[in-house]
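A short write-up of the structure that comes next.
The values are calculated or read from the model by the stated rules, or taken from the named source; none is laboratory data. It should be emphasised that the depicted structure is a prediction, and the values quoted were computed from it without experimental measurement. In this analysis, Cβ positions are derived from the backbone assuming ideal geometry, glycine residues included, and neighbour counts consider all displayed protein chains. The protein model used for the area step is the full one, side chains on, heavy atoms only, and it has no ligands, DNA or RNA in it. Shrake-Rupley method; radii C 1.70, N 1.55, O 1.52, S 1.80 Å.
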Amino acid sequence: MLDGAARVSDAVAAAARDGQPALGITDHGNMYGVLDFYKACHENGIKPVVGTEAYMALESREERPARRGRRMDDSGGDTDDGAKLYYHLTLLAENDTGYRNLLKLSSRAFLEGYYYKPRMDWDLFEQHSDGLIATTGCLGSVVQQALLKGNYQHALDRAARLQDIFGRDNLFIELQDHEIPEQRQCNPQLLEIAQTLNAPLLATNDLHYTTQHDAEAHDALLCVQTGSQMNDPDRFKFHGDQHYLKTANEMRDLFSELPESCDNTLWVAERADVNIEFGNVSLPRFPLPPEFATDNDYLQHLAFEGAKRRWGNQLSDEVVDRLGYELRVIADMEFSAYFLITWDLIRHARDNGIRVGPGRGSAAGCAVAYCLQITDLDPIKYDLLFERFLNPGRKSMPDIDMDFDDRYRDEMIRYTAETYGREHVAQIVTFSTIKARAAVRDAARVLGYPYAVGDKVAKAMPPLVMGRDTPLWACFDQEEQYVDGYKAAAELRQMYDTDPDVKRVVDVAKGLEGLRRQDSIHAAAVVITRDPLTEYLPIQRKPESGVDPQDAPVVTQFEMNGVEELGLLKMDFLGLRTLSIIDEALKLIETTTGTAIDLEHIPLDDVGTFQLLQAGDSLGVFQLESSPMRSLMRSLNPTGFDDIAALVALYRPGPMAANMHNDYADR
């Protein structure tokens, strides 16, 4: 995070323009960008080489050496015994086995070796070396750090140890030249090591930004990371401006005396053959009662038993036909296990007094979900379409949002982990990015300008449109999608043309905008897998303040969209404070009046309720409490349940862009 200023799409496009046949991704200590990178490479017709730049402990991932002083460098600083806190090692997947080993290594580094950084060690390399290509790495590696200390024998021994683990043709002696004196000091000795071990050479260029002129934006990004200013001589910074995507010709010129080191990059590219499968649905196995042979049989049993509770023992032909049709579609699409899993989670919540929402979205059109008490709205009574939820002509995973009392969301995740195994359940990571206004303020700060400069530029930017910034580039280049933002940015363009300080701030901010600032846990999303998680994706722990790291939540390294694209079961466990307030309110009513209210049987035509809504008095009412929505309800003057349903449906970006919400209220 806040270390690389190269956007995946830009880097891949630049490599494709140069005619490069392949490009590698080796993010520091994680695999966050792998799926986006893999897809971008295939879209641009170049081969993705999937890897990671691993952090490793000197000997064991269980080491916890004390750091000496405050000086930080690329290896975390020095320890009391003169070693580094951690070292670097480049790992590349040669095939699918290697890719799966990368997933396991990256995960175990977080789960077992986290100390300042997620660290691997020699033991893990030995366990997961199959299908991997390793290099001796950059200046932060165990090999080059030994060379920098003048200990050639230690460097040779460590390189030989790596070669023993990964194999003679799978350990490359890596050469870099970013005009850094220490690299030019190490490179001749690396050649000696290569000759001694008969190991192949590999010329690489560390890429932290796409083009050479992006160096300033990257420097600013490092300042954002460290909270420093660019004029601070003691801050952490990169040497020079050579950490960009060099062309093939530039690399050939740079290593003209060692052409085989460049030839070998093509050898690695030819060997690297990883196939990540998207779209193949993989649902967990639901534990069936012994009297049922298949998921389909059990789901049919539950659906018809639930139908009798909903509509009585004598089911109408309409209900039987509707359930039969839905069950056939669900079985044909192989989603019966999904419904059973969802039913079981809702059942557990209800059986344990955890308040559950009545269901939201297109799932309300599913009669099977209604029978299983996943939803509480009768789709036949309200003429809701099942095909909006599950369409036989488009095989996509069902998506049922489950709303729970927010006090018990952790309990629901615990139950899921106990049912399907802790190695099969994780929450999902999400990333916050640097938005346009924040990029401007960050740029002004790291450039050393007074706060007023960044504030002035930020305030000249277009107002938010439905909570979204107009991107900086769209303030200067007219684009149909952002035409209103472009018009509102006239003052900003004038300031840019006339004020050199504003121009510099904006230019640096453009390089920062859209980059990932930090990772966090998605508010709702949870993944459940058939086999252990690390067969499909890398995981990590997300430490929380005051919590032992070993007790921290397990979180994926891939975002929600990537998890779904892999065909894995993503479920939304949303903890709603609204439900906890309702629960407490019902308890207070029963305590003070002796009346127990059943929410499933309250009238939908209560006059007093509609008087409150007509007055816009709906603070604390889910989806009706925002100021614009309350104003809209005063205009609409709702008198029936259908009015509320229509209003919520129209309060979406598409209908709102066409002013349909106001048109409906004014009619």
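For residues in region 182-232 being among the hydrophobic types (A, V, I, L, M, F, W, C) and part of a loop (DSSP other than H, G, I, E, B), which is nearest to Ala443 (Cα to Cα)? Among them, the one singled out is Met230.
Just wondering, is there one or more residues in region 565-575 that are within 30 Å of Gln481 (Cα to Cα) and at pLDDT 90 or above? Among the residues of region 565-575, at least one is within 30 Å of Gln481 (Cα to Cα) and at pLDDT 90 or above, which makes the answer yes. Look at Leu222 and say whether it is open to solvent by less than 20 Å² (accessible area, probe 1.4 Å), touching a residue at least 40 places away in the same chain (Cβ under 8 Å) and among the aliphatic types (A, V, I, L, M). It is true that Leu222 is open to solvent by less than 20 Å² (accessible area, probe 1.4 Å), touching a residue at least 40 places away in the same chain (Cβ under 8 Å) and among the aliphatic types (A, V, I, L, M). When Leu207 is tested against the conditions (1) under 23 Å from Ala269 (Cβ atoms); (2) crowded, with 21+ Cβ neighbours inside 10 Å, the lone failure is (2).
Scanning region 360-378 for residues that are surrounded by fewer than 22 Cβ atoms within 10 Å (Cβ to Cβ) and either on the phi > 0 side of the Ramachandran plot or touching a residue at least 40 places away in the same chain (Cβ under 8 Å) (or both) returns Arg360, Gly361, Gln373, Asp376, Asp378.
For region 395-428, filtering for residues that are open to solvent by 40 Å² or more (accessible area, probe 1.4 Å) and more than 21 Å from the chain's Cα centre (by Cα) leaves 8. Checking the structure you have, find out if any residue of region 507-516 is under 30 Å from Ala417 (Cβ atoms) and not hydrophobic (A, V, I, L, M, F, W, C). Looking for residues that are under 30 Å from Ala417 (Cβ atoms) and not hydrophobic (A, V, I, L, M, F, W, C), one finds at least one in region 507-516, hence yes. Considering (1) in contact with a helix residue (DSSP H, G or I) (Cβ under 9 Å, 6 or more places away or on another chain); (2) open to solvent by less than 30 Å² (accessible area, probe 1.4 Å); (3) modelled with pLDDT under 95, the lone condition that Phe278 does not fulfil carries the number (2).
In this structure, does Gly357 turn out to be open to solvent by 50 Å² or more (accessible area, probe 1.4 Å) and in contact with a strand residue (DSSP E or B) (Cβ under 8 Å, 6 or more places away or on another chain)? It is false that Gly357 is open to solvent by 50 Å² or more (accessible area, probe 1.4 Å) and in contact with a strand residue (DSSP E or B) (Cβ under 8 Å, 6 or more places away or on another chain). Scanning region 429-443 for residues that are within 18 Å of Arg468 (Cα to Cα), under 11 Å from the mean Cα position of the chain (by Cα) and not polar (S, T, N, Q) returns a single hit, Phe431. Among the residues making up region 331-353, those that are more than 29 Å from the chain's Cα centre (by Cα) and either touching a residue at least 40 places away in the same chain (Cβ under 8 Å) or crowded, with 18+ Cβ neighbours inside 10 Å (or both) are Asp332, Asn352.
In region 7-23, the condition of being of a type outside the set (Lys, Arg), open to solvent by less than 30 Å² (accessible area, probe 1.4 Å) and within 21 Å of the chain's Cα centre (by Cα) is met by at least one residue. Screening region 456-554 for helices (runs of 4 or more DSSP H) wholly inside it with 3 or more residues that are in contact (Cβ under 8 Å) with a residue 12 or more places away in the chain and within 29 Å of the chain's Cα centre (by Cα) returns the ranges 472-476, 500-512.
For region 437-479, the candidate set comprises residues that are in contact with a Gly (Cβ under 6 Å, 6 or more places away or on another chain) and of a type outside the set (Val, Ile, Thr); within that set, the residue that is most open to solvent (accessible area, probe 1.4 Å) is Arg441. With a requirement of 1 or more residues that are farther than 30 Å from Lys395 by Cβ, touching a residue at least 40 places away in the same chain (Cβ under 8 Å) and open to solvent by less than 70 Å² (accessible area, probe 1.4 Å), the helices (runs of 4 or more DSSP H) lying completely within region 557-667 that satisfy it span 577-593, 653-657. The set of residues from region 281-323 being open to solvent by less than 50 Å² (accessible area, probe 1.4 Å), farther than 30 Å from Leu91 by Cα and among the small types (Gly, Ala, Ser) comprises Ala303, Gly306, Ala307, Gly312. Kindly check whether there is at least one residue in region 429-436 that is open to solvent by 20 Å² or more (accessible area, probe 1.4 Å) and either assigned to a helix (DSSP H, G or I) or farther than 30 Å from His218 by Cα (or both). No, every residue in region 429-436 fails to be open to solvent by 20 Å² or more (accessible area, probe 1.4 Å) and either assigned to a helix (DSSP H, G or I) or farther than 30 Å from His218 by Cα (or both).
Inspection of region 233-254 finds a residue satisfying the criterion of being surrounded by fewer than 20 Cβ atoms within 10 Å (Cβ to Cβ), aliphatic (A, V, I, L, M), part of a helix (DSSP H, G or I) and in contact (Cβ under 8 Å) with a residue 40 or more places away in the chain.
For region 411-428, a tally of residues being part of a helix (DSSP H, G or I) and either small (Gly, Ala, Ser) or modelled with pLDDT under 90 (or both) returns 1.
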